[in-house]
Amino acid sequence: MSSTPPSALPSSVPPPSFRGRISSHTRGGHYAAPHRYALHLCLSCPSCLRIAVTHSLLGLDEVLPVVLLPAVPDEPGGGHSALRRWYEASAHRYAGGAVAPLLGDEWTGRIVSTHAPHIVRDLARHFSALGHGGAVLHPCGREAEIEAVGRLCEEGVNDAAQRAGQPGACGPARDGDLDVLFTALDRLEGMLGGRPYLLGEEITAADVELWVTLVRLDTAHRWHLDAAAVDRIAGHPQLWAYARRLAAHPAFGPHLDLHAIARRHHAQCNGLEAAGAAMHILDWAQALPDRFTAQPG
């Protein structure tokens, strides 16, 4: 039995090394400007998927180009050889992984950030005025709720499902992790409460967090859970109807490359396949309009 834990949309990468921020003024440093930066994303990675959806909701295609990377990293440790020049230009004798996501400054040829939460927040805070999407992803007074959803998705869903699906997970510890997972899903189901989006009538950053979490749960974590657990996960009809509805949205569906996710998962995951692997929760391909269906990557 493998001792390596399974990974949801896995990526064996070191902690982010570059955490530059976009500022609101033009007196120096990194400020929002059309065509100055580029995003380098791998859509089989959940962090990159979250950034791509945010980028589309803000309508930034014309001012901040996206460079798509192969589904499966081609360097040891989850790096991309296409990003190596950026890292070498940004850190003397850099020896770490050339990982995505990456926000690069085309004016200097150097990395601004590889830290996904900062990138997402800076897009919404400083680039939204340059785009044509019109989305207000962080409405005034709702920051605490958005942060709470992010913690619930990461700790209650992603981390709990990850632990429950590890090779050898059994007994009270596994049952406890599954209880955490089911409780989190119950809370999220209740938060929807018949509303179109988590915080009401408009899409916010909380919806981006939750949708990517649900994609990850069904396309990666599910492979390592038993049939009973998957059946409990599927028993949240509002959540999965919501996931289906957002998959049909033009800012979400076009970035969902199921072939890429499967390729990356099977290339990098050493976990054992469980009975839940045969139980699809949502037919994502059917949820996507034909014009959104990605080609095999």
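Observations, loosely collected:
- Unique residue being assigned to a helix (DSSP H, G or I), without any contact (Cβ under 8 Å) to a residue 60 or more places away in the chain and over 28 Å from His138 (Cα atoms) when the list is Asp207, Asp179, Asp186: Asp179
- Taken over region 227-263, the criterion of being among the acidic types (Asp, Glu) and either surrounded by fewer than 17 Cβ atoms within 10 Å (Cβ to Cβ) or modelled with pLDDT of 95 or more (or both) is satisfied by Asp231 alone.
- Among the residues of region 69-107, those identified as within 15 Å of His40 (Cβ to Cβ), without any contact (Cβ under 8 Å) to a residue 60 or more places away in the chain, of a type outside the set (Asp, Glu) and part of a loop (DSSP other than H, G, I, E, B) are Leu69, His80, Ala98.
- Test result for Gly28, under 21 Å from the mean Cα position of the chain (by Cα), assigned to a loop (DSSP other than H, G, I, E, B), at pLDDT below 95 and of a type outside the set (Ser, Thr, Tyr): no
- For beta carbons closer than 6 Å, sequence separation of 6+ or different chains, a first residue in region 148-176 that is touching a residue at least 60 places away in the same chain (Cβ under 8 Å) and within 23 Å of Cys269 (Cβ to Cβ) and a second that is among the β-branched types (Val, Ile, Thr) and part of a helix (DSSP H, G or I), the qualifying pairs are Cys153/Thr213; Val157/Thr213.
- Matching entry among Gly77, Gly59 (being at pLDDT below 95 and either touching a Leu at 6+ places or on another chain (Cβ under 8 Å) or not hydroxyl-bearing (Ser, Thr, Tyr) (or both)): Gly77
- Of residues in region 141-168 being modelled with pLDDT of 95 or more and part of a loop (DSSP other than H, G, I, E, B), the one surrounded by the fewest Cβ atoms within 10 Å (Cβ to Cβ): Gly141
The values are calculated or read from the model by the stated rules, or taken from the named source; none is laboratory data. Small disclaimer: the values here were computed from a predicted structure and weren't measured. Counting neighbours? That spans all protein chains shown, and the Cβs are built from the backbone with ideal geometry, glycine included.
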